[in-house]
Structure formats: C-alpha cells, structure tokens
Amino acid sequence: MEKDKKRSSTIVIIFLIGTIILIAKALQLQVIDEGFRNRASSMVVERYTQYPSRGLIYDRNRKLLVYNNPMYDLLATVKRINPAMDTNRFCSLLNISKEIFIKNLDKDWKSGQFSKNVPFLFLSKIPANIYAAFQENLHLFPGFEITIRNVREYSSHSAGHFLGYIREVNENEVENPESIYVAGDYVGASGLEKVYEDELRGSKGYRYVLKDNLGREEGVFKDGLLDTRAVSGKDLISSLDIDLQEYAESLMVNKRGAIVAIEPETGEILALVTSPGYDPSLMAITNPNRGKFFQSLQLNKDLPLFDRSTSAQYPPGSLFKPLLALVALEKETLQPNRTISCNGAYYFGSMRLTGCHNHATCRTVASGIQNSCNAYFVTVFRELVDKYGFYNPSRGLDTLNTYLERFGFGKKLDIDFPGEKAGNYPSSTFYTDWFKNPRWNSVWIRSVGIGQGELLTTNIQLANAAAMIANRGWYYTPHIVKGFNDDGQQIPLKYRTKINVGIKTQHFEPVIDGMEKALLAGTAKSGFIIDIPICGKTGTAENPSGKDHSIFFCFAPKVAPKISLSVYIENAGFGGTYATPIASLIIEKYLKGEIRGDDRKNLEKRMMDANLLNVKP
C-alpha cells in the first residue's frame, strides 16, 4: 500500500515538473525571448492575384483572330526594399533610368490607394527578353516580385473596329463600389472586347502566402485552403468571315464609307467595314508606340476612329424606293402593274418639282425600281401619304412610319455592337412644328419619297433592310456573335427571335424582280455577274457641301440568298459608279471564292486603285 502511494506521488511530481517546464518555455518564447516575438509579429499574409486568360476570339470558320501572349509586370513593396540595393544594376537590367525608378516608387501614401506594406505596380509591360535577364537577378532585389498577365495579340491586320481593343481601367471604374476591377486591370474598350467583356474576362484567382520581414516566402497560408484558381474567359466564335472582311477592306482603301454584309438566314454579320479604319495590332497593349498611334488616329481628318458602319447617319437616297413600294403595295395604294409616266421630272400641275433622268416609261413597279424613276416614286409616296385625304397627310405619313419602324428604321436595331445610332424618319408632328403650319401637305415633303429630306439611315439598317427583302418579309436582329466555345451556351434570345415586318409575301416579288432588273438592264448594270443573280438598288444621296454619295444595297442569289449587303461610299457620285461594282465583287468573292475573268479582275483593280479621299467632303 505504502508502495502504491509513493508511485502515485512520483507521477504527480513528474507531471508538475513537466508543466512547470512547459510554462517556463512558453514564458521564454513569448515574453522573454524578443527574437521569437519579433519573428511572429513580422510574419504577414500576402494575397497574390492569379490573372485568368482572356477568352480567345475566332471567326465563323474557327480561324483564330485574337489570342493571348504573356506580359510581365513588376510589383514593389516599399517596406521590404533594401535601401542599400544596387539601383544602377536594377535600372540597367530593366532598361530604365534612375529618374523613372524614383518616380515609380513615389506614391501618394496619404491617399489610401497605396500602402508601403502592400505590393503595387512598379513597372508594367516588361518585354520577355528583359524579363528573362531580370528574373535571374530577382533575388538581389528584395521587395520586388514579378507577376504574369496575358495581353491581346491579333492574327489579322483587319477588323479593328469589329474586334476592338483593351485598355487599363480608369479611376472611376476602380472607385465604383460595385466594381470588380482594381488599378492596373484591363477592360474591353471597344468592339467585341467591350460588348462581351463579361464573357471574355474570366475570373481572377488568389494565392495566400506567409512571408517574413525580408519578403521571403515562409509557406502557404492555412495549407492553401483559402486559395482559389483563376478561371479563363469564354472563347467567343464571332459571325465575322475574316477572309471576306479583309477583301472588303482592300476595296475600300483610300475611300470614306462603310460596308455591312449579313447572312439573311441568320442575321449574322459577315463583314463590318468602316473606312478609313485601323490595324488592331497597333492598339495592342504591348505596342510601345500605342499612345502615339492612338493620338494620330484622333487627329486624322478622315476620322478613322469613327465607325461609319453603325454610327454614321446618311440619307438612303433611292434605296428607299423598294421599301416605299412594299408599304404602298401592302396598303393597296399601288398595284404591281401601275404605269406612271415620267417626262424627265415630277410635275405638280405645270411646275417641275423633282428632276429625273431619261428612261422608258415605267409600266410596273418592277420597271420603276429598275430605272429608279423619281417621278414614279414621288407619285407613289404622295398617294400613300394622301390615302386618307389631301388635307389629312398626318395619318398617311404615320402609317408609312409604322412600317419603317418595323423595317428597323428610326430606332436602334439593338445589335451587339457599341455606338449604334438610330437614324431618323420624320413624323407628322415634326412637320407640323417645322412648317409652323398644321395644313402642310404631301407636296411639301415629296423629297422623302426618294429617300432625301429628313430621312436618315445607318449602313447596318440598310444591310438589314436588304436581308428583310431577301427573306420576303422577316429578319433576325443583326449580331456579331455566333456562339461560345464552352458548354454550349446559346447567344442571347433576341438574336434568335424572328421579326416579321407585316408585309404579305406576294408583295415582295415585283419589288425583287425590279431589283434584279436593275442589274440586268438598269441603273446597276456595273454590278452584273452572268452566273450570280443579284438583286439590288442603286442610290445617289445628295450632299449639299460636296460631291454626292454613292450607295447600293443588294442580296444574292435571288433564290435562297446567302448574303445581303449595303455599300456606302462618301463623295463617290452615282450609285453605279463605285458602290455597285464593289458590292458585286464582294458577292462574287464570297459565293465563288475568287474573282473570275479578265474583265472582272480589271474591275477589281480599278476599284482598289481608286482614291477618293481628296474629293471634297
């Protein structure tokens, strides 16, 4: 018994001694030993951003248009920089001056935007060759670290406006409470990059690391439980046919204007050309002369940054005539076989009001379109506006405008592209205010009947109208995205919803016949191709300040059309002089893959060589 008591006492004593030793050691480490205490307090957790790869962009045939290349940024943490570091060597390795070194470290520490304990961007866009040499010596410069990001590169020198470019976020975007961006991030600034920023951007990942007071990694924080992986952006398949885009751009060199090509069956935009344009590769973040290049674009008098395909608003000229005919046929103020005489002008009584050119008497709607007769369509316009009486033009004009809006005029089509303008159609209220006379009449506004006056349209609207005619009364809202290369995500519903314009199918046949005859033996003969039935309409839009604009819209082939397009060339004269042959070359290239025959190749050369930039705008 006595023996058991001694054994128990011994065990208790051992435990007491062990406890005292542990308490003493803890006291030494946490209170007495300053080295351990300082080491613990010097340990910090730093969060490192893992940047995602931005989604790639392809054309409709899966040709890669925009891809990523690595770019290196150098971050600095002021508190961890060794004051005795060899700044000469540092600057030499990075190919920067001492002044830049000092300037890049000089931050407004009181603003709250920067902290001497937190890494900030010291130098961006370090070239790969400089990065390689610096990386080998990075251990000599505590307080500095490299982060890798991806930037955009381009496989084509075309489609600058279509593809767009990225830029650094601005102060407002960073300070917005709902913003997901921080200083130094990149964001889509124009074109596809801007519209589909959410899909292309991806999601950042984060890595949490323990570091000592010298900036050396001590390990992963909490075994990486808080770390997240970056998620790459979605790859985007655009509707663009890059081969067609490049060809169309080559035809528009040294010209001001635009071309829009659409696949009627789907509403997908095949080409979106504005001229003059710019090479997207020169807007890459990695281009050291990007700023100077952008400034040169801003100062260029021909406005290469202005997108004439969706933002320029022009009178449609005679391209309005087929659309007017459709409405008049639907409202039964016009019959397919209506004859309207023309003696070189439209006359009201004995007054010669609107001139016309010499042609045979138009005995049908088709021949009126074929010959683009002004007298024919001023008459059609006036009879439609006067449907409810000469002294009640408001109701007739508003009826016409109802259909124009269904065709996509006077409003934005809501395409997936920035900067689209609405154009304009004049309302009855507008004319009452304009004339300051409620008793205005159809004679006063007759110029609208031939696409002039207060009518304004965009190239995308005209190309879409051609698609609507090609489809005999319906269209899909034009769009520049075809799909995504991920989990089968569909494009937005509005681009998959068919829009019916409310014109009976039979009314399209005389109009389409007239558009075909315009190329067979009418105002568009310069665009005729023997084995491709093109249906189109020329236009010459009046320009009070200079030479008139050359316009043409069309589709081909006549049955089961594959392409519709609008060509608008500023200060180029008659529609048949430049716009029509250029459109026909684009159609031939798209449908046949090449320009065939010596005559067509000579025409191609003449269009490419034409320089219209010096024509008075």
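We did not get these values from a lab; they are worked out from the coordinates using the rules stated. Bear in mind that the values here come from a model prediction, so they are computed numbers and not experimental data. Positions of Cβ are backbone-derived with ideal geometry, glycine not excepted, and every protein chain shown enters the neighbour counts.
Longer than 20 Å from Cα to Cα, which of 321/605; 517/558; 387/436; 525/558 are they? Say none if no pair is.
Listed pairs above 20 Å: 321/605; 387/436.
Report, ordered by chain and residue number, the lysines lying within cross-link reach of residue 411, taken as a straight Cα distance under 18 Å and ignoring same-chain residues fewer than 8 apart.
The qualifying lysines are 421, 494, 498.
Quote the relative contact order of the chain in percent (integer), defining contacts as alpha-carbon pairs under 8 Å separated by 6+ residues.
RCO, the chain: 14 percent.
Determine the sum of side-chain charges near residue 240: Lys and Arg each +1, Asp and Glu each -1, restricted to other residues whose C-beta is under 13 angstrom from that of residue 240.
-4
So, counting K/R as plus one and D/E as minus one, what does the shell of residues with Cβ under 13 Å around residue 420 add up to?
Here the count lands on +2.
Which GluC sites (Glu not before Pro) does segment 144-234 hold that lie in a coil by DSSP with at most 14 other beta carbons within 10 Å?
Counting only loop positions with at most 14 other Cβ atoms within 10 Å, the GluC sites (Glu not before Pro) in segment 144-234 are 178.
If we count every other residue with Cβ under 9 angstrom of residue 151's Cβ, Lys/Arg +1 and Asp/Glu -1, where does the sum land?
+3
Where the centroid of each part is defined by its Cα atoms, how far is segment 215-280 from segment 416-457 in Å?
With segment 215-280 and segment 416-457 each reduced to a Cα centre, they are spaced 37 Å.
Tally the DSSP beta bridges in the chain and give the antiparallel ones as a percent, rounded to 5.
Around 95 percent of the beta bridges assigned by DSSP in the chain are antiparallel ones.
Compute and list, largest first, the equivalent-ellipsoid semi-axes of the chain from the alpha carbon gyration tensor, each √(5λ) rounded to a whole angstrom.
For the chain, the ellipsoid semi-axes come out as 69, 26, 22 Å.
Counting each DSSP H run of 4 or more residues in the chain as -39500 (n - 2.57), what helix-only mean residue ellipticity at 222 nm follows after dividing by all residues, to the nearest 500 deg cm²/dmol?
Result for the chain, helices only: -10000 deg cm²/dmol.
Give the separation of the Cα centroids, segment 329-372 to segment 180-211, in Å.
Centre-to-centre distance over Cα atoms comes out at 59 Å.
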